[in-house]
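FYI, it's all coordinate maths here, none of it is from the lab. Here the structure is a predicted model, which is why all the values come from computation and not from measurement. With ideal geometry, Cβ positions are generated from the backbone for all residues, glycine too; neighbour counts draw on all protein chains shown.
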């Protein structure tokens, strides 16, 4: 059995060596995706285009504006009239408009609370909460500096500490999930083409004439692409650690075990697609539909699953990417033990087992599709 599996394995290696596109996908695409997603995706709202109208023109208003402008969150632009500020928001030149009334300094010094009107662009709902929080924090500091003492001392002070990602670095959150997306695309795309290519090239007849069982063909075809998937994961790991300074506090063995189970599930899914669809173009389209889209949308890579409706959370649990992202982020940032991750590991094992059984069952040693 192992000799026949190795023969299929060697045959696939020859196919890969003759196809430079496969090597480019496996080795170059992970680096490109890490550089693109790691640098482009930023969940912390910064450099907010903010227009302001200062009707007070006092030291108090200037202190407030200086505190806003000294942070990295706001990019201030002074306007002379409120109507001009409204037009700047309508033309999307500004996301926020701050109006400081003429009585601002008198109210702050007299009542220890000055009113500032803030108009926000509601079309960008993701930034509204962040902008409101930033301005609220600046407001408290401004009153303290203007009055020379804290404006109010709450009876209970909350001291917040962010665990596992103390700087709230978006790259630390994004890149571990990116491992699932990269391996999902590579494994399902490459294996979806392998059997459909055999049918299109007419070499499937020669393969079916050999004394090889379906399980041995499936195993021989999965092994080389599994090795390529692990190699791409290694490249992604090196770039994440060296270029972005991503920590790894967990166990490499636990991370590798989760990666292997995830790869087996998606490699089997790609082979299942290629056994169903004999045309390479149709196989690629189906692979993208059932491979890349769930890995992007239902894995927690970008959108938090906790905020989705209950039905979508149940639907997302079907896909292996949802569980692998949990393992990858945990091992990079938390470092939980294997037993603490028994649920995602059990889900990955069940997915890999079911997909491989379906793949072997579907692959028939016959010329009839």
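Which of 204, 286, 163 moves most in a GNM of the chain, Cα contacts under 10 Å? The residue with the greatest mean-square fluctuation here is 163. For the pair residue 350 and residue 297 in one chain, pulling the backbone fully straight at 0.36 nm per residue adds 17.0 nm over the alpha carbon distance. With each label modelled as a point 7 angstrom along the Cα→C-beta vector, the residue 27-residue 62 pair spans 6.1 nm. Panel note: the C-alpha atoms of the range 48-147, placed on their principal axes, show extents of 37, 25, 20 Å (largest first). Relative to the longest principal axis of the Cα atoms of the chain, the long axis of helix 342-362 makes an angle of roughly 40 degrees.
The helix-based estimate of mean residue ellipticity at 222 nm for the chain, built from -39,500 (n - 2.57) per DSSP H run of four or more residues and divided by its residue count, is -20500 deg cm²/dmol to the nearest 500.
What is the range 281-338 by shape, rounded, prolate or oblate, if you read a ≥ b ≥ c off the alpha carbon gyration tensor as root eigenvalues and call it rounded for a/c under 1.5, prolate for a/b larger than b/c, and oblate otherwise? Oblate is the answer for the range 281-338, as a/c is 1.5 or above yet b/c matches or exceeds a/b. Here Cα Rg over 2.2 N^0.38 Å was computed from the coordinates, and among (1) 1.24; (2) 1.34; (3) 0.98 the match is (2).
Angle of helix 125-147 to the longest C-alpha principal axis of the chain, folded into 0 to 90 degrees and rounded to 10: 30°. A simple spin-label model places pseudo-atoms 7 Å from Cα toward Cβ; at residue 115 and residue 49 they are separated by 3.0 nm. Taking every DSSP bridge with both residues inside the chain, close to 30 percent are antiparallel. With springs connecting C-alpha atoms under 10 Å apart, model the chain as a Gaussian network and identify which of 268, 220, 110 has the largest mean-square fluctuation. Result for the chain, Cα springs under 10 Å: 110 fluctuates most. Between residue 170 and residue 230, the distance separating the two model label sites (each 7 Å from Cα on the Cα→Cβ line) works out to 3.5 nm. In terms of surrounding Cβ atoms within a 10 Å radius of their Cβ, 54, 19 rank from fewest to most as 19, 54.
Sorting 50, 63, 123 from the fewest to the most surrounding beta carbons within 10 angstrom yields 123, 63, 50. Label the range 87-146 by shape, choosing from rounded, prolate and oblate, from the square roots a ≥ b ≥ c of the eigenvalues of the Cα gyration tensor; if a/c is under 1.5 it is rounded, and otherwise prolate applies when a/b is larger than b/c, oblate when it is not. Taking the square roots of the gyration eigenvalues as a ≥ b ≥ c, the range 87-146 is oblate.
Run the numbers on the range 48-147 and let me know its relative contact order in percent, using alpha-carbon pairs under 8 Å that are six or more apart. The normalised contact order for the range 48-147 reaches 33 percent. Within the range 4-121, DSSP assigns beta bridges of which about 30% are antiparallel (rounded to the nearest 5). Counting 0.36 nm for each residue step from residue 306 to residue 339 and taking away their Cα separation leaves a gain of 9.6 nm. By the beta-carbon count within 10 Å of each Cβ, the least crowded to most crowded order of 35, 333, 339, 272, fewest first, is 339, 35, 333, 272. Of all the options 31, 99, 290, the one that moves most in a Gaussian network model of the chain with Cα springs shorter than 10 angstrom is 99. The C-alpha atoms of the chain define a longest principal axis, and helix 170-201 lies at about 30 degrees to it. In terms of its C-alpha gyration tensor, the range 251-313 has an oblate overall shape, because the principal axis ratio a/c (a ≥ b ≥ c, square roots of the eigenvalues) is not below 1.5 and a/b does not outweigh b/c.
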